[in-house]
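The values are calculated or read from the model by the stated rules, or taken from the named source; none is laboratory data. As the structure is a computational prediction, the values presented were derived from the model and not from experiment. Please note: Cβ atoms are built from the backbone with ideal geometry, for glycine as well, and neighbour counts cover all protein chains shown.
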């Protein structure tokens, strides 16, 4: 199973979470600026929740 972990972190807290997930999955967490080079079976995408932005994005997703 191919697993990838991507994150965006301003303060480092989200990076810590992504690193913990990646360590458990046996992969390396990378920032969202690193595109996926191939399809993966599971993608963990960690971002900071800022106000009302996320619900709006999810509604359109």
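Points to keep in mind about this one:
- Residues that are in a loop (DSSP other than H, G, I, E, B) and touching a helix residue (DSSP H, G or I) at 6+ places or on another chain (Cβ under 8 Å) were ranked within segment 4-33; the one that is farthest from residue 44 (Cα to Cα) is 9.
- Filtered residues of segment 39-61 (kept if modelled with pLDDT under 90 and part of a loop (DSSP other than H, G, I, E, B)): 47, 48, 49, 50, 51, 52, 61
- Summed over segment 17-38, residues that are modelled with pLDDT under 95 and exposed (fewer than 15 other Cβ atoms within 10 Å of the Cβ) total 8.
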